[in-house]
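Worksheet for the structure shown next.
The values are calculated or read from the model by the stated rules, or taken from the named source; none is laboratory data. Predicted model, so just to flag it, every value in this text is computed and none were measured. Every residue, glycine among them, receives a Cβ derived from its backbone with ideal geometry; neighbour counts consider all protein chains shown.
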């Protein structure tokens, strides 16, 4: 997910007139939804000039999507004074370690975990450095969230994988 600001107010009704495919229901949500196919993503635009991009598969795609929407806004007659200030605020990544993970063992060994299998089948593991949260599943699959750089995802997952192997908490069949 990326956020951006245009540092100016935007008339959302004018955006709807120039772009009939956007979704805007001000009575239920204060922003409008601008969906694009390439790169596939949705950009929320608010009258404050703030934007939120979701669904992009990488940092590069998120930035490309926001810039594309700004170009579309300009094409439809919306005056945009500057370039958008873009910041990656959260990444969600999935991985498969291709082994079976001992979640009970992880709960006792890793530290900073939460595991209540009656409530949720995954173990929640909070990592300090880089600052991310990883959901681990017994199947070897995991979800990493909270990163702001792709390198942080690779670092956190790599470090976890190494710890799981060192502590013999993962087995390969």
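Key figures
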{"quantity": "Any hit, the range 107-114, residues being outside the structural domain of residue 13 (by TED's automatic domain parsing), at pLDDT below 95 and part of a helix (DSSP H, G or I)", "calculated": "no"}
{"quantity": "The listed residue being at pLDDT below 95 and under 16 Å from residue 7 (Cβ atoms), out of 49, 18, 82, 77", "calculated": "82"}
{"quantity": "Hits in the range 122-158 (condition: surrounded by 14 or more Cβ atoms within 10 Å (Cβ to Cβ) and in a helix (DSSP H, G or I))", "calculated": "150, 152, 153, 154, 155, 156, 157"}
{"quantity": "Of the criteria (1) surrounded by 12 or more Cβ atoms within 10 Å (Cβ to Cβ); (2) in contact with a strand residue (DSSP E or B) (Cβ under 8 Å, 6 or more places away or on another chain), which one residue 14 fails", "calculated": "(2)"}
{"quantity": "Residue in the range 81-104 that is in the same structural domain as residue 13 (by TED's automatic domain parsing), outside any strand (DSSP E or B) and without any contact (Cβ under 8 Å) to a residue 40 or more places away in the chain present", "calculated": "yes"}
{"quantity": "Checking residue 74 against (1) in the same structural domain as residue 19 (by TED's automatic domain parsing); (2) within 19 Å of the chain's Cα centre (by Cα); (3) free of Cβ contacts under 8 Å to residues at least 12 places away in the same chain, the condition it does not meet", "calculated": "(2)"}
{"quantity": "In the range 140-173, the residues that are in contact (Cβ under 8 Å) with a residue 12 or more places away in the chain, over 25 Å from residue 90 (Cα atoms) and out of contact with any helix residue (DSSP H, G or I) (no Cβ under 9 Å at 6 or more places or on another chain)", "calculated": "171, 172, 173"}
